[in-house]
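Just so it is clear, none of the values below were taken in a lab; they were calculated from the coordinates. Here the structure is a predicted model, which is why all the values come from computation and not from measurement. Because the Cβ atoms are built from the backbone with ideal geometry, glycine has one as well, and the counts that use them run over all protein chains shown.
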Amino acid sequence: MNVTALLFASYADALGRPAVELSLPDGSTVGDALVRLRGMPGGTALPETPLVAVNLAYAKPGAALANGDELALIPPVAGG
C-alpha cells in the first residue's frame, strides 16, 4: 500500500522535503510508517512519539493504515 507522509516545520527541514511517499506492506500501522521515516536520511531528528494525524484525525502508533492514507507529522508549537 502507498501512503503520503506530510512533514511540517522542523520535520520537513530534517528530511529535506515537505512530503514523502511511503510504500508499506498491507496491514502496516502508524508506528510502522514512523520506523520507515526514521530510517531515512535525517529521520533520526524525528521524536520517538510525534503527534500524528491520519486523514485529518489524530492517531496513535497502533492505528492501522490503508492505501492512499495521508499521514501528517505535527511538530510541537509554541505561542504567545
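Amide H of L51 versus every other amide H placed in the peptide plane: which residues, excluding those fewer than 5 positions away on the same chain, fall under 5 Å?
Under 5 Å from the amide H of L51: I74.
Using the Karplus equation 6.51 cos²θ - 1.76 cosθ + 1.60 (θ = phi - 60°), what ³J(HN,Hα) coupling, rounded to whole Hz, does each residue of segment 15-22 give in order, writing x for Gly and Pro?
8, x, 6, x, 8, 9, 8, 10
Counting DSSP beta bridges in segment 2-74, what percent are antiparallel, to the nearest 5? Walk me through the numbers on the way to the answer.
Numbers: 13 of 17 bridges.
In segment 2-74, approximately 75 percent of DSSP beta bridges are antiparallel ones.
Of E21, E70, how do they rank once you tally other Cβ atoms within 10 Å and put the fewest first?
Details: E21 8, E70 14.
Final ranking by Cβ density, sparse to dense: E21, E70.
Taking Cα Rg over 2.2 N^0.38 Å as the quantity of interest, determine which of [x] 1.01; [y] 1.11; [z] 1.63 was computed from the displayed structure.
[x]
Between S10 and A63, what FRET efficiency comes out of the Förster formula 1/(1 + (r/R0)^6) with R0 = 22 Å and r the beta carbon distance, rounded to 0.05? Each step should come with its number before you reach the end.
Working: r = 23 Å, r/R0 = 1.05.
Efficiency, from the Cβ-Cβ distance: 0.40.
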